[in-house]
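Values quoted throughout were computed directly from the atomic coordinates according to the rules given, and no laboratory measurement underlies them. Model, not experiment: these values are computed from the prediction. Cβ placement follows ideal geometry from the backbone for every residue including glycine, while neighbour counts extend to all protein chains displayed.
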Amino acid sequence: MTSYTAHSDELSEVSIKEWTEMLEKAELIALNDADFEKFVTYLSSETEPAKVEALKKLFKLKAPWE
């Protein structure tokens, strides 16, 4: 479930305890425009393919609450 595919009936299935646990584990990642561009460039680079592939794999994982 994502913000694009969520329906209110699906959201009601998530308990307050589940949301609380998820929020307690969440970490905010905030980047300014310049750092975001560096990050995107890094993901597109071939300088460290193993690290880039590991990040890409991580981003493709479903969140535990989905």
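Name the trypsin sites (Lys or Arg not before Pro) in segment 14-66 that are in a loop by DSSP and that have at most 13 other C-beta atoms within 10 Å, would you?
The qualifying sites are K62.
Here the simple spin-label model places points 7 Å from the Cα toward Cβ, and for I29 and K62 these points are separated by 2.1 nm.
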